[in-house]
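Structure first, commentary second.
The values are calculated or read from the model by the stated rules, or taken from the named source; none is laboratory data. In this text the structure is predicted, and so the values were computed from the model without any measurement. Note that we place each Cβ from the backbone using ideal geometry, even for glycine, and neighbour counts take in every protein chain shown.
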Amino acid sequence: MQFYEVQPSTSVAGTVRVPGDKSISHRTLMLGGIAEGRTEVTGFLASADCLATLDAFRAMGVGVDRHAETSLTVHGRGLHGLSAPAKVLDMGNAGTAIRLSMGLLSGQRFESVLTGDSSLRSRPMERVAKPLRQMGADILTTDGKPPVTVRPVATLSGIDYLLPVASAQVKSAILLAGLYAQGFTTVTEPAPTRDHTERMLRGFGVQVETDGARIRLQGRQTLTGTRIDVPGDISSAAFFLVAGSIAGSGDYVIENVGVNPTRTGVIDILKLMGADITVVPRAAQGGEPVADLHVRRAELRGIAVPESLVPLAIDELPVLFIAAAAARGETVFTGAAELRVKESDRLAVMADGLTRLGVGNELAPDGIRIEGLAGTGRRLGGGEVESHGDHRIAMSFTVASLLADAPIRIRDTENVGTSFPGFVATARACGLQVEER
Ligand code: S3P
């Protein structure tokens, strides 16, 4: 088992580039695969999660030429051009890959079976299967989890669906099935979630209407191959936003980060805590706003995090818990029960790690209260924490070393490569003393 040994450090500085956006990278393969003609992708995230999607689409007959680590050509097969995979589609650790594929595969003329690693096999799939069955899809889950079998049906019909949870994966799965359905498919969100699917569909020439919380598309539209330059992933940038804010000194820039407003909750929450972050816009890429982010050290203060920001920072909450540990006073997160069904139970796993390192906290069913260290005269104790194979937990506790006075050992770190290949090198280059063992 791999682990990280992180020595305490106090300053971070430099210019950082983070790899391409994971959500957008998955979608370039899926939409490119069912488009007519070629899609040229640059800035692609060549991480384990996205490579699982690449493998799955290749297994369904989609040609993908990889020119370099991050640039590729997807040879689209058209809406009805995918072929039956000769194997079970193994989506590894990737919730986006399996859930969006369930939607897309509901409209195919062949049967497919989707599975994943032990973490993915413990995650809920009925939230996707249920609305897809309402559209006429034939889907079997295993006690609500993967493996999932998607069988062909004669027709799918559009539905008007109110999402019970704010989930971009469920929304996207329904919209992708909607491409194969008769009539209109409408999804209403209880709160805004990332809208990369809607934006990218438009880039492929599909008409998608958005009216407040309602998103609507008509089925059987043609996607036309396009060019997509994937921006840096704000979820990966988040570790450096927090590091720059809580370090004893330092000043740095994270270049070329996607700042789609459905993803920037981490910036909003950090600013509410007093962070010094400047967003310097660059030209948009692939229908997505992009910016350089300038970060300076700041005295963070505890806050009650507005629940409306939670879905907009859902993947960044673990590292925001580290920001909360650095702050003066208490920070309270509520409305975050979704964290319990991510790659790990991120509320429980973060609470356990914070406790082991001496940070006072109290778990709730839908959140956590964290006692900040600033003004207490205390620092984080060192010790060993378990990541439970969750990439974002491992990276969050690496950032915590900026608050520590003794080494932190983080267990089970292999899965960092599912979202952030090169994390250790990037973290070391800006001053974090992390070693992989
Ligand atoms: C994602 C949506 C989010 C997020 C995940 C990626 C996506 O999940 O946590 O990492 O690409 O659509 P939910 O939609 O389940 O909240």
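Note on region 173-216: residues that are buried (at least 16 other Cβ atoms within 10 Å of the Cβ), within 17 Å of GLY158 (Cα to Cα) and more than 16 Å from the ligand (Cβ to nearest atom) total 7. In region 217-226 there is no residue matching the filter, namely being in the same structural domain as MET135 (by TED's automatic domain parsing), within 15 Å of the ligand (Cβ to nearest atom) and of a type in the set (Lys, Arg).
In the set SER11, SER47, only one residue is in contact with a strand residue (DSSP E or B) (Cβ under 9 Å, 6 or more places away or on another chain), not aromatic (Phe, Trp, Tyr) and not assigned by TED's automatic domain parsing to the domain that holds SER71; that residue is SER11. Scanning region 247-281 for residues that are among the small types (Gly, Ala, Ser) and either in the same structural domain as LEU45 (by TED's automatic domain parsing) or part of a helix (DSSP H, G or I) (or both) turns up just one, GLY265.
Taking the stated definitions as given, is ARG99 surrounded by 17 or more Cβ atoms within 10 Å (Cβ to Cβ) and either within 23 Å of the chain's Cα centre (by Cα) or aromatic (Phe, Trp, Tyr) (or both)? Judged against the criteria, ARG99 is a match. Considered as a group, the residues in region 63-91 that are in contact with a Leu (Cβ under 7 Å, 6 or more places away or on another chain) and assigned to a loop (DSSP other than H, G, I, E, B) include one that is surrounded by the fewest Cβ atoms within 10 Å (Cβ to Cβ), and that residue is LEU79.
When ALA275 is tested against (1) out of contact with any strand residue (DSSP E or B) (no Cβ under 7 Å at 6 or more places or on another chain); (2) within 16 Å of the ligand (Cβ to nearest atom), exactly one condition is not met: (2). Within region 36-55, the residues that satisfy the criterion of being of a type in the set (A, V, I, L, M, F, W, C) and assigned to a helix (DSSP H, G or I) are ALA48, CYS50, LEU51, ALA52, LEU54.
So which residues in region 330-372 are surrounded by 17 or more Cβ atoms within 10 Å (Cβ to Cβ), touching a residue at least 40 places away in the same chain (Cβ under 8 Å) and among the hydrophobic types (A, V, I, L, M, F, W, C)? Within region 330-372, VAL349, MET350, LEU357, ILE368, ILE370 qualify. Of the residues in region 22-35, at least one is closer than 30 Å to ARG297 by Cβ, within 16 Å of the ligand (Cβ to nearest atom), in contact (Cβ under 8 Å) with a residue 60 or more places away in the chain and assigned to a helix (DSSP H, G or I). Tell me, which residue of region 146-165 that is hydrophobic (A, V, I, L, M, F, W, C) and more than 16 Å from the ligand (Cβ to nearest atom) is nearest to SER106 (Cα to Cα)? Out of the qualifying residues, it is VAL150. Scanning region 288-300 for residues that are within 16 Å of VAL18 (Cα to Cα) and in a loop (DSSP other than H, G, I, E, B) returns no hits. Test LEU339 against the criterion of being within 16 Å of the ligand (Cβ to nearest atom) and under 13 Å from ALA238 (Cα atoms), and give yes or no. Considered against the rule, which asks whether it is within 16 Å of the ligand (Cβ to nearest atom) and under 13 Å from ALA238 (Cα atoms), LEU339 comes out as no.
Per-residue answers, yes or no, for (1) within 16 Å of the ligand (Cβ to nearest atom); (2) among the small types (Gly, Ala, Ser); (3) closer than 21 Å to THR264 by Cα:
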position	(1), (2), (3)
PRO311	yes, no, yes
SER344	yes, yes, no
GLY358	no, yes, no
LEU363	no, no, no
